[in-house]
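Trainee: I have a structure I would like to understand better, so I am pasting it below and will then ask my questions one at a time.
Quick note: the coordinates plus some simple rules give every number you see, no bench work behind them. If you're wondering where the values come from, they're calculated on a predicted model, not measured in any experiment. Methodologically, a virtual Cβ is constructed for each residue, glycine included, from the backbone with ideal geometry; neighbour enumeration extends over all protein chains shown.
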Amino acid sequence: MAMTFKDKIESGRFLVCGELGPPQSCKGAVIRNKSEHFRQRIDAVNITDNQTAIVRLSSIASAKILMEEKIEPIIQMTCRDRNRIAIQSDLLGAAALGIRNVLCLTGDHQKFGNHPESRGVFDLDSIQLIATVAGMNEGRFLSGDEIKTKPEFCIGAAANPFADPFEMRLIRLYKKITAGAHFIQTQAVFDLDLFARWMDRVQELKLSEKTAVLAGVMPVKSVNALLHMQKEVPGVRISPEYISRMKNASDPKEEGIKIAVEIIQAIRSIKGIRGIHLMPVMWESVTPVIIRESGLNRL
């Protein structure tokens, strides 16, 4: 019987996760086509949940398609669009379909998307969502009522080592782990010095002994992508070296791949890191190249 993602976490192996953005349509074939970039190369694939507050094919439906393609999915569940009733209902539905992994997120604010007039729900925050899923695993709804057939989710959470205030990031990480997070996926690393400093504190607090920390790595195609993140995405820190390299590159895509590989190799030497979370935003086809070049092959 094949190891599940949770089995792999518990085994202590170095993990490699990918990320897939569903289409802005109901064309399931898009998911099937993208699955070819991940098969036998990664341990699990995140499926974003209406990322950047733009309507996309459901993360749960996309996960079911991935499972049919023999790839283990991690659904994302955001607090932006659902109250606690809808969240728990969707989680039951996901469990009934055999989906075992969920990444608990607050969600990008709706003002950043193409429906800025929509109402955000935010009935729960990400820490409360983690606790809710952990409670469901134990056989109870948030109301306290019993779940007759309980799910068995592997629970994930996000962490941003680069946002201020620095110590508050560690407090939030502690709360997420205490609430029940089995694994942590970080914001994309573009400042290795600050990330290493954050991991030093994670080690000092012994948090990496209680959860699997996966470092985010995002390959980019252009200097404009870096500048956009630096300006528009809260808590992103980008080393000036990477901006300069992308700006002066004769082939920005190739340089973006090179930078991603270098970051992966540097991250692997940081004590306490349990894996890589590769986030090629709408550029899933680059995944096999980066995995091969960085020596993370699963084949």
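Trainee: For residue 13 and residue 241, what is the calculated FRET efficiency with R₀ set at 25 Å and r taken between the beta-carbons, to the nearest 0.05?
Mentor: So, using R0 = 25 Å, E works out to roughly 0.20.
Trainee: Okay, moving on. Hand me the trypsin sites (Lys or Arg not before Pro) from region 51-98 located in a DSSP loop with no more than 13 other Cβ atoms within 10 Å, in residue order please.
Mentor: Loop-located and lightly packed - 70.
Trainee: List the equivalent ellipsoid semi-axes of region 8-291 in whole Å, largest first, each obtained as the square root of 5λ for an eigenvalue λ of the Cα gyration tensor.
Mentor: Each semi-axis is the square root of five times an eigenvalue, giving 29, 22, 19 Å.
Trainee: Let me ask you something else. Roughly speaking, what is the stretch gain from residue 27 to residue 147, that is 0.36 nm per residue apart minus the C-alpha to C-alpha distance, in nm to one decimal?
Mentor: Stretched fully, the residue 27-residue 147 segment lengthens by 39.8 nm.
Trainee: Sticking with this one: Distance in nm between label sites at residue 85 and residue 55, each 7 Å beyond Cα in the beta-carbon direction?
Mentor: 2.2 nm
Trainee: Let me ask another. For region 233-299, what does the relative contact order come out to in percent, with C-alpha contacts under 8 Å and a separation of six or more?
Mentor: Relative contact order here is 26 percent.
Trainee: Any idea which of 18, 113, 207 is furthest toward the positive side of the dipole for the chain, if Lys and Arg beta-carbons carry +1 and Asp and Glu beta-carbons -1?
Mentor: It is 18, whose Cα lies furthest towards the positive end.
Trainee: Also: Which Cα, out of 196, 85, 66, lies furthest along the positive dipole direction of region 8-291 (beta carbon charges, K/R +1, D/E -1)?
Mentor: Highest projection toward the positive end goes to 66.
Trainee: Also, quick follow-up: Relative contact order, percent, of region 8-291 when contacts are C-alpha pairs under 8 Å separated by at least 6 residues?
Mentor: Relative contact order for region 8-291 comes out at 19 percent.
Trainee: Using a Förster distance of 22 Å, how high is the FRET efficiency between residue 206 and residue 106, based on the Cβ-Cβ distance and rounded to 0.05?
Mentor: E(calc), rounded to 0.05, equals 0.30.
Trainee: Moving to a separate point now. Considering only DSSP beta bridges with both partners in region 8-291, what is the antiparallel share in %, to the nearest 5?
Mentor: Expressed as a percentage, antiparallel bridges in region 8-291 total about 5.
Trainee: Still on this model: Around residue 73, under 9 Å between beta carbons, what's the net of Lys plus Arg minus Asp minus Glu among the other residues?
Mentor: Computed value for this residue: +1.
Trainee: At most 14 other Cβ atoms within 10 Å and a DSSP loop assignment: could you name the trypsin sites (Lys or Arg not before Pro) in region 90-166 that fit?
Mentor: Those that pass, being in a loop and sparsely packed, are 119, 148.
Trainee: What does the net charge come to around residue 224 if you take all other residues with beta carbon closer than 11 Å to its beta carbon, with K and R at +1 and D and E at -1?
Mentor: +3
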